[in-house]
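I have placed the structure first, in the form of structure tokens, so that the comments after it can refer back to it.
The values are calculated or read from the model by the stated rules, or taken from the named source; none is laboratory data. Predicted, not measured: the structure shown is a model, and the values here were computed from it. Cβ placement follows ideal geometry from the backbone for every residue including glycine, while neighbour counts extend to all protein chains displayed. We work out accessible area using only protein heavy atoms, side chains counted, and drop any ligands, DNA or RNA first. Shrake-Rupley method; radii C 1.70, N 1.55, O 1.52, S 1.80 Å.
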Amino acid sequence: MTGRVGVCWDIDGTLLRGGRVGGEVLRRAFLAVTGHEPPPVAMGGMTDHLVAEAFRDGLPPEHAAELVRRGDAYTRAMVAAIGREWHGRGPELVDVLTVLPGVPEAVGRLAAEPRVDQIVVTGNVRAGAELKLTAAGLHPGPFDLDAGVYGDLPGPRSVLVHTARHRLERRHGGPVALVVVGDTPRDVEAAHAAGAVAVGVATGAATAAELSAAGADHVAEDLSDPSALVALVAAAGEDPHHTRGSV
């Protein structure tokens, strides 16, 4: 590996499963901000910011219009409320959370590579991400949470990957190859839009076939063979001058 590589980890469905805690956090945040129960939304691969918009847009038109008139103030209030709702939920998470196969080994193997940065690029707001990783025994550890990119940012998920690249290249003063590891087609699409290698792991809602159909460069049923991911990351490090993609 001659160049630097940023490994951008999704959290839910990729590193761990957190049960229904995250869904309850989002429900309670929306109820607190709007006074309404949220409508059903397929949230796989969405950021918390996008979920807030989807909740708003799924309401009856008269209620949605009220939130639309609030503009960015509504989404800012939702992001803040989501962060507050995560407070104190560590014990609840510990009771239900499952670390997915091969994750500690894969993260540990990559941590031994001196030219690899491991960060989280996740739809969670930081409070939720940090609490989940802590409950999973993955934080404190090799993830640089300050360089991570979280679900409070507006726009498509590709914005998160572009932001990760910007932060890592500013840190290292030159090109950084990116490998995005995720469990949904949205992770794959975001990786490619930002010029990153997309590794699909079928430990979430999407099957291996669905991840392949979405265009993942590499697909695995799980991470029980960490050497395969380490080899992919090493190969990415041989060509840091790859395409940057587009949002």
**Message:** Exactly one condition in (1) in contact (Cβ under 8 Å) with a residue 12 or more places away in the chain; (2) open to solvent by 20 Å² or more (accessible area, probe 1.4 Å) is false for ARG70; which is it?
**Reply:** (1)
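Hey, any hits in the stretch 179-202 for a residue that's of a type in the set (S, T, N, Q) and surrounded by 19 or more Cβ atoms within 10 Å (Cβ to Cβ)?
yes
Scan the stretch 195-216 for residues that are of a type in the set (Ser, Thr, Tyr) and assigned to a loop (DSSP other than H, G, I, E, B) and jot them down.
Residues satisfying the conditions are THR203, THR207.
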**Message:** For VAL120, only one of the following conditions fails: (1) without any contact (Cβ under 8 Å) to a residue 24 or more places away in the chain; (2) open to solvent by less than 30 Å² (accessible area, probe 1.4 Å); (3) under 20 Å from GLY6 (Cβ atoms). What is its number?
**Reply:** (1)
**Message:** Need the failing condition index for MET46 against (1) touching a Ser or Thr at 6+ places or on another chain (Cβ under 8 Å); (2) under 24 Å from VAL161 (Cβ atoms); (3) in contact (Cβ under 8 Å) with a residue 24 or more places away in the chain, just the number.
**Reply:** (1)
**Prompt:** For the stretch 217-233, which residues satisfy the criterion of being crowded, with 17+ Cβ neighbours inside 10 Å and assigned to a helix (DSSP H, G or I)?
**Reply:** PRO226, LEU229, VAL230, LEU232, VAL233
**Prompt:** Mind checking which residues of the stretch 161-172 are surrounded by fewer than 24 Cβ atoms within 10 Å (Cβ to Cβ) and closer than 15 Å to VAL5 by Cβ?
**Reply:** ARG165, ARG167, LEU168, GLU169, ARG171, HIS172
**Asked** Listed residues ALA64, ALA80, ALA52; which is more than 30 Å from GLY137 (Cβ to Cβ), at pLDDT 95 or above and open to solvent by less than 60 Å² (accessible area, probe 1.4 Å)?
**Response** ALA64
**Request:** Return only the number of the condition from (1) open to solvent by 10 Å² or more (accessible area, probe 1.4 Å); (2) of a type outside the set (D, E, K, R); (3) in contact (Cβ under 8 Å) with a residue 40 or more places away in the chain; (4) in contact with a Gly (Cβ under 9 Å, 6 or more places away or on another chain) that LEU93 does not satisfy.
**Result:** (1)
**Item:** Residue ID - nearest to the chain's Cα centre (by Cα), chosen from residues in the stretch 109-135 that are assigned to a loop (DSSP other than H, G, I, E, B) and aliphatic (A, V, I, L, M)
**Value:** VAL125
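Does THR134 satisfy being buried (at least 22 other Cβ atoms within 10 Å of the Cβ), of a type in the set (Val, Ile, Thr), out of contact with any Cys (no Cβ under 7 Å at 6 or more places or on another chain) and in contact (Cβ under 8 Å) with a residue 40 or more places away in the chain?
Answer is no for this residue.
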**Matching residues, the stretch 98-107, being touching a residue at least 40 places away in the same chain (Cβ under 8 Å) and open to solvent by 30 Å² or more (accessible area, probe 1.4 Å)** = THR98, VAL99, PRO101, GLU105
**Prompt:** Is it the case that LEU138 is in a loop (DSSP other than H, G, I, E, B) and not small (Gly, Ala, Ser)?
**Reply:** yes
**Fill in**
The correct count of residues that are small (Gly, Ala, Ser) and farther than 12 Å from THR184 by Cα in the stretch 214-230 is 4
**Asked** Looking at ALA129, ALA135, ALA147, which one is of a type outside the set (Lys, Arg) and in contact with a Lys or Arg (Cβ under 7 Å, 6 or more places away or on another chain)?
**Response** ALA147
**Request:** Would you check which residues across the stretch 142-160 are open to solvent by less than 50 Å² (accessible area, probe 1.4 Å) and either small (Gly, Ala, Ser) or outside any helix (DSSP H, G or I) (or both) and list them?
**Result:** PHE143, ASP144, LEU145, ALA147, GLY148, VAL149, TYR150, GLY151, LEU153, GLY155, ARG157, SER158
